[in-house]
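Report on the structure given below.
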Amino acid sequence: MKYKDYFIRNEREQKFAEMADQLAVNFAKRAHIHDEEGSFPFENFEDMKEAGYLKTTVPKEYSGDGASLYEMVLMQERIAKGDGSTALGVGWHVGMMLSLRESREWPEELFKDFCKKVVEDGEMINSFASERATGSPARGGRPQTTAEKTEDGWVISGRKTFSTLSPILNYFTVSAGIKDENKIGRFLVQKSENVKIEETWNTMSMRATGSHDVILDNVFVPDSALIEVEVPGEKTHHQSDSGWMLHIPACYIGIAHAARDFAVNFALNYRPNSLPGPIAEVDHIQQKIGKIEAELKTARMFLYSVADRWDKNPEERLGLKSELGLAKYVATNSALSIVDQAMRIVGGGSLSRKLPLERMYRDVRAGLHNPPMDDVVLKGLATAAFWAKN
Ligand SMILES: Cc1cc2nc3c(=O)[nH]c(=O)nc-3n(C[C@H](O)[C@H](O)[C@H](O)COP(=O)(O)OP(=O)(O)OC[C@H]3O[C@@H](n4cnc5c(N)ncnc54)[C@H](O)[C@@H]3O)c2cc1C
């Protein structure tokens with residue numbers, strides 16, 4: 001369905017949007033196969049590599065496009081309209097590259113070298129921080145994965161859960177408790193024979209993200225691979241903000257947007273013989289479409305305006321934490337409601353595995369379990385309401 005997207009403001013954004021739209025067409029054709037099989041969509045990532053998508057957020061000085069947060073959100077939403085799993089997977093990569101570009105928290109040589117790998121070889125990155133005992137890393141628990149100092153580097157052992165993109169990554173970062181110290185290190189790890197993937201990912205949602213367990217068995221990394229050391233409770237030297245994590249709401253609102261398009265199209269074309277015209281003319285269908293539009297427009301407006309503020313006001317970024325969290329809260333909860341409404345419009349047929357809606361319904365559910373979690377966002381807002389100076 002062709003429509004004018006008012007969030008596209010100039011020619012550069014139009015080009016980025018077109019690239020993502022073109023990729024999403026093929027992703028949508030393959031999505032049901034990978035969902036059914038729980039297989040990893042390697043061909044989607046090959047397409048993105050070919051199209052130059054993987055380097056969009058790499059800095060211009062290292063041969064990327066230097067895409068802004070707004071531009072990243074614009075592209076990610078579109079990729080998710082084709083396939084949510086692919087969008088969430090590639091979102092971690094493009095988001096992390098954007099975050100590293102802005103924070104420069106890696107030593108510059110290491111970052112430059114990795115950018116080259118992204119641009120020339122299509123390498124990608126993600127952060128593996130979740131574990132069974134600690135749950136969400138955002139809660140601040142000490143990782144059970146440990147790093148032990150050796151003469152010229154570190155030896156890391158442990159198991160990471162929810163490791164999205166694990167089937168395709170050659171590089172990832174891991175968090176690890178530093179042996180016998182109250183410190184947590186973050187390391188860049190290259191895949192080797194001491195890194196094993198246990199194919200544990202068999203979930204109802206986001207089945208094609210390859211978010212398996214990754215087991216590190218005495219993995220050696222050189223000293224230069226230690227990116228950051230954090231003492232629990234103390235601020236880190238490089239305090240990067242969470243702007244890049246807007247790839248998460250962009251993903252879930254993109255899935256919901258696709259469900260909305262499907263329902264609108266269905267309503268315009270379905271003509272049961274009990275009615276003189278299509279169900280789009282029936283009042284209760286119009287009410288449901290109206291509710292979808294209200295939620296989708298509100299969520300998108302908020303998401304894009306926060307991304308734009310983040311881009312335009314670098315000095316304000318750390319202060320945007322509650323807005324960034326709220327954008328995720330609004331998008332993921334609206335996405336759940338929008339897909340639900342879309343299925344009510346389509347009726348019993350929406351349950352069929354032949355239609356994409358039941359997959360979208362399952363996929364948006366995963367948004368609740370990506371950071372920041374709802375309770376954290378709401379608590380932050382309450383804290384600000386009670387104690388922030390006006
Ligand atoms: C599709 C998908 C992709 C993902 N990809 C990645 C990835 O690439 N890398 C990665 O590292 N992680 C990834 N994750 C993991 C994610 O970041 C979370 O770690 C994971 O979903 C578990 O979060 P949780 O809140 O359910 O778990 P838990 O932290 O185990 O929480 C379980 C329950 O206990 C409550 N709880 C636990 N601790 C506290 C606390 N301190 N205070 C209050 N309540 C608490 C929670 O609210 C929840 O109700 C992914 C998750 C999903 C769903």
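Just so it is clear, none of the values below were taken in a lab; they were calculated from the coordinates. No experiment lies behind these values; they were computed from the predicted model shown. Every residue, glycine as well, gets a Cβ built from its backbone with ideal geometry; the counts of neighbours run over all protein chains shown.
Tabulated data
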item	result
Viscosity 1.002 mPa s, temperature 20 °C, Stokes-Einstein D of the stretch 127-230 from Kirkwood C-alpha radius, µm²/s	156 µm²/s
Chymotrypsin sites (Phe, Trp or Tyr not before Pro) within the stretch 1-110: DSSP coil, no more than 13 neighbouring Cβ in 10 Å	TYR3, TYR6
Within a Gaussian network of the chain (alpha carbon springs, distance under 10 Å), most fluctuating of GLN14, GLN287, GLN341	GLN287
Percentage relative contact order, the chain, counting C-alpha pairs under 8 Å, at least six apart	16 percent
The stretch 24-44-the stretch 338-385 distance, computed between alpha-carbon centres (Å)	20 Å
Low-density loop cleavage sites - trypsin sites (Lys or Arg not before Pro) in the stretch 199-279, where at most 11 other Cβ are within 10 Å (DSSP)	LYS235
Dipole of the chain, positive direction: furthest Cα of ALA259, TYR62, ASN26, with charges on the beta-carbon	ALA259
Diffusion constant of the stretch 195-286 at 25 °C, which comes from Stokes-Einstein with the Kirkwood Cα-pair radius and 0.890 mPa s, µm²/s	127 µm²/s
Within the stretch 243-387: Cβ-based charge dipole about Cα centre, in debye rounded to nearest 20 (Lys, Arg +1; Asp, Glu -1)	340 debye
Proximal lysines to LYS81, defined as alpha-carbon separation beneath 21 angstrom and excluding residues fewer than eight positions away on the same chain	LYS2, LYS4, LYS15, LYS29, LYS49, LYS55, LYS288, LYS291, LYS297, LYS328, LYS354
Total formal charge among the other residues, if their Cβ is under 14 angstrom from that of ASN370, Lys/Arg +1 and Asp/Glu -1	0
Residue-averaged 222 nm ellipticity for the chain, from DSSP H runs of 4+ at -39500 (n - 2.57), nearest 500	-16000 deg cm²/dmol
Once the Cα gyration tensor of the chain is diagonalised, semi-axes √(5λ) in Å	37, 23, 21
Cβ-based charge dipole, the stretch 127-230, positive-most Cα from GLY185, ALA225, SER163	SER163
Highest-MSF residue in the chain out of HIS93, HIS369, HIS34 [GNM, Cα springs under 10 Å]	HIS369
Cβ charges +1 (Lys, Arg) and -1 (Asp, Glu), total dipole of the stretch 28-178, debye	500 debye
Sparse-neighbour loop sites [GluC sites (Glu not before Pro); the stretch 141-230; at most 16 other C-beta within 10 Å; DSSP]	GLU151, GLU181, GLU193, GLU199
Gain in span if fully extended, GLU230 to ASP180, counting 0.36 nm per residue against the direct Cα distance	16.6 nm
Evaluated at q = 0.15, 0.16, 0.21 Å⁻¹: base-10 log I(q)/I(0), Debye formula over Cα of the stretch 243-387	-0.76, -0.83, -1.18
Kirkwood estimate for the stretch 1-127, i.e. one over the average of 1/r between Cα atoms, Å	15.0 Å
Pair GLU198, GLN22: separation of 7 Å Cα→Cβ label points (nm)	4.3 nm
Dipole-positive endmost among ALA384, PRO249, ILE285 within the stretch 243-387 (Cβ charges, Cα centre)	ILE285
Alpha carbon centroid spacing (whole Å) that separates the stretch 55-85 from the stretch 258-282	34 Å
Dipole magnitude (debye, nearest 20) for the stretch 320-378, charges at Cβ of Lys, Arg, Asp, Glu	300 debye
Most fluctuating residue given options ASN265, ASN313, ASN44, as computed from a GNM of the chain linking Cα atoms under 10 Å	ASN313
